[in-house]
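The values are calculated or read from the model by the stated rules, or taken from the named source; none is laboratory data. Model, not experiment: these values are computed from the prediction. Cβ sites come from the backbone with ideal geometry, for glycine too, and all protein chains shown count toward neighbours.
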Amino acid sequence: MSRSTTPAPIRRLALLLAVASLAAACSVTGGHASTSSSTTSTTTTAPPAGGPTTASGPGTTGPSGGRVAWSACDSGFQCGTVTVPLDYAKPNGDKIHIALARRPARLPSQRIGSLLMNPGGPGGSGIDMVEQIQLPSAIADRFDLVGFDPRGVGRSTATHCSPHLPEIYDVDPTIDSAAEAATYIKVSKSYVDDCARTDARLLPHLGTQNVARDLDELRKAVGDDKLSYLGYSYGTSIGQQYAQLFPTRIRAMVLDGVVDSETTGLAGADLQASGFERALAAFMADCAAKPSCPLGSDPARVIGDVQAAAEANPIPSANADRPATPGVITVAMGQGLYSRTLWTPLARALAAAKAGDGSGMVDLADAYLQRKADGSYSNAFDVYFAVSCIDSTWPKDPNAVLAAAKVVGRKYPHLGEALVNDYVRCALWPFPAQPLPAVTAPGSPPIVVISTTRDPATPYESGVKVAARLAHGVLVTNEGDGHTVFGQGKACIDGAVATYLTSLTPPTGLRCA
């Protein structure tokens, strides 16, 4: 279930999820968490969408550290762009543009600097995030809040590599025959082939190490000697790579909903599946304990019945433009587990599907897939696969992924097989992998790592491992549900993290119940 931040394939129910969806970094089907669409207008200094360019546009800065030429965009916000190399091995070659938006500090006389932020994904828009997020007053008062769209995303030089997103998520993600396997691989290969044909210049350069190098250019462009950074979900992977590359250029760093980028692709998918199964168990227990829950005293049976019904025949949807296929059911369930705020809509949608109307499940799936009002989709999933397939090692045989998915499905029967199968795309990906190096960040200041005990998308254990591996990692444990927590009103977390960001005093040994 990936796509985070408002996802890789998600985000419309989401002003509800704001950060939680925005931060996702995994997928219900392997993909990512959703992100909300934005109505922010671009500024006249923003470059046109498209591929690499060879010259800086007006109002941009180069990789030598010039300042951003900010201009007013939406109410209270300023926008600008920074020009960076497409390929850092060829710094004088083709250039791409990174778009930013900032909300200036509310108390300029007490301003500390900029807080650069990423909501996750891969594929989430930091510009959307900065427009939506409500951080504690101590942060908004003293920092310019700066969101950026990473390379490939949104208002930055963006990829739009395939029109086949709905097809890959409508197909049955649990394989019961050779014919179903062949169909799944065929649909996936069509998606991948479109990407290779339409965006071969940009896609090989979307890996997280390049994004981390871009982040250092942004730090210089906003005028900060050292980086203050807040990363959610996949944004924690960006932060970790930055810390490894530039440990002494960090002022403060908060990683919430942590990706353990040292696992191989399939091992990471297995870990994600365990997180979603744990979150599903919490959802079912909560539902069974409430007389008002429409799934009754045995939610597991209802979920099994809905999945079996969709396998037999797609469930008609009276208020949607397509039926609820097995793929739709899986994606919808993953979306509903990203935040407790979605548990009630998920329960209602499952109850309606049990009664023969899959409309609610289609709506949840569309939110995850970031479907727009006009029926089109964002490019978040294109970025999700490009980054995921580059950053990790994967089998080259798609059948090896399908076989691994069967093993995971036996351990985690509700979502496990579908989640692993989503990464068949990576077995077919035509561009070479660039596996991320081990991250210890020697020489960095304390880095705060927040991990939630029942996080579906980035399991608690990942945060524990990353905090222990960092030379100066500080683990903060959040006991609870949902994907990410800082800035969502939990006083124990918000107060301690705000103190760290403003005073550089890390919350040692903190566990918030």
For segment 487-501, how many residues meet the condition of being surrounded by fewer than 16 Cβ atoms within 10 Å (Cβ to Cβ) and in a helix (DSSP H, G or I)? 3
Residue set 86, 135, 116; condition surrounded by fewer than 24 Cβ atoms within 10 Å (Cβ to Cβ) and either under 30 Å from residue 334 (Cβ atoms) or at pLDDT below 95 (or both); output residue 135
Show the residue pairs that are 6+ apart or on different chains and have beta-carbon atoms under 7 Å apart, the first residue being within segment 351-367 and closer than 13 Å to residue 303 by Cα, the second being of a type in the set (Asp, Glu) and in a helix (DSSP H, G or I). 354/305
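I'd like to verify a number: residues in segment 215-241 that are of a type in the set (D, E, K, R) and either assigned to a helix (DSSP H, G or I) or at pLDDT below 95 (or both), how many?
Kept after step one, since they are of a type in the set (D, E, K, R), are these residues of segment 215-241: 216-217, 219-220, 224-226.
The next check asks that each one be either assigned to a helix (DSSP H, G or I) or at pLDDT below 95 (or both); those that pass are 216-217, 219-220.
Qualifying residue count, segment 215-241: 4.
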What number of residues within segment 290-302 satisfy the criterion of being more than 13 Å from residue 352 (Cβ to Cβ) and either in contact (Cβ under 8 Å) with a residue 40 or more places away in the chain or of a type in the set (Lys, Arg) (or both)? 4
Does residue 348 satisfy being touching a Pro at 6+ places or on another chain (Cβ under 7 Å), without any contact (Cβ under 8 Å) to a residue 60 or more places away in the chain, in a helix (DSSP H, G or I) and of a type outside the set (Gly, Ala, Ser)? yes
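Would you be able to tell me the number of residues in segment 286-319 that are of a type outside the set (A, V, I, L, M) and part of a loop (DSSP other than H, G, I, E, B)? If you could, list the steps in order and put the result at the bottom.
At the first step, the residues of segment 286-319 found to be of a type outside the set (A, V, I, L, M) are 286-287, 290-294, 296-299, 301, 304-305, 307, 311, 313-314, 316-317, 319.
Retained after the next criterion (residues that are part of a loop (DSSP other than H, G, I, E, B)): 290-294, 296-298, 313-314, 316-317, 319.
Summing the residues that are of a type outside the set (A, V, I, L, M) and part of a loop (DSSP other than H, G, I, E, B) in segment 286-319 gives 13.
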Selection within segment 242-285 - part of a helix (DSSP H, G or I), out of contact with any Pro (no Cβ under 8 Å at 6 or more places or on another chain) and over 18 Å from residue 457 (Cβ atoms): 242, 243, 245, 248, 249, 285
Looking at 278, 251, which one is in contact (Cβ under 8 Å) with a residue 60 or more places away in the chain, closer than 30 Å to residue 145 by Cβ, of a type in the set (Lys, Arg) and out of contact with any Cys (no Cβ under 9 Å at 6 or more places or on another chain)? 251
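So, restricting to helices (runs of 4 or more DSSP H) that lie completely within segment 353-431, which ones have at least 2 residues that are closer than 30 Å to residue 126 by Cβ? Working first, answer last.
On the way: elements: 359-368, 380-391, 398-411, 416-421, 424-428.
Result: 359-368, 380-391, 416-421, 424-428.
Just give me the residues in segment 221-236 being over 21 Å from the mean Cα position of the chain (by Cα) and surrounded by 21 or more Cβ atoms within 10 Å (Cβ to Cβ), in sequence order. Steps first, answer last, please.
Step one: of segment 221-236, the residues over 21 Å from the mean Cα position of the chain (by Cα) are 221-227.
Residues satisfying the conditions are 221, 222, 227.
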Those residues of segment 194-206 which are under 21 Å from residue 98 (Cα atoms), out of contact with any Ser or Thr (no Cβ under 9 Å at 6 or more places or on another chain) and part of a helix (DSSP H, G or I) amount to 204, 205
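Here's the yes/no breakdown for (1) small (Gly, Ala, Ser); (2) surrounded by fewer than 22 Cβ atoms within 10 Å (Cβ to Cβ); (3) part of a helix (DSSP H, G or I); (4) touching a residue at least 60 places away in the same chain (Cβ under 8 Å):
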site	(1), (2), (3), (4)
105	yes, yes, no, no
121	yes, no, no, yes
128	no, no, yes, yes
144	no, no, no, yes
148	no, no, no, yes
188	yes, no, yes, yes
192	no, no, yes, yes
Out of everything in segment 237-260 that is buried (at least 22 other Cβ atoms within 10 Å of the Cβ) and of a type outside the set (A, V, I, L, M), what residue ends up being farthest from residue 453 (Cα to Cα)? 242
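Which one of 452, 458 is closer than 30 Å to residue 135 by Cβ, touching a strand residue (DSSP E or B) at 6+ places or on another chain (Cβ under 7 Å) and in contact (Cβ under 8 Å) with a residue 24 or more places away in the chain? Steps first, please.
Values: 458 fails: touching a strand residue (DSSP E or B) at 6+ places or on another chain (Cβ under 7 Å).
The unique qualifying residue is 452.
Quick test for you: out of 388, 376, pick the one residue that is free of Cβ contacts under 8 Å to residues at least 24 places away in the same chain and over 29 Å from residue 299 (Cα atoms).
Numbers: 388 fails: free of Cβ contacts under 8 Å to residues at least 24 places away in the same chain.
Checking each option against the conditions leaves just 376.
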Going through 191, 229 one at a time, which residue ends up being among the hydroxyl-bearing types (Ser, Thr, Tyr) and farther than 23 Å from residue 130 by Cα? 191
Residue check, residue 414 against (1) at pLDDT 95 or above; (2) buried (at least 18 other Cβ atoms within 10 Å of the Cβ), all met but one. Which one? (1)
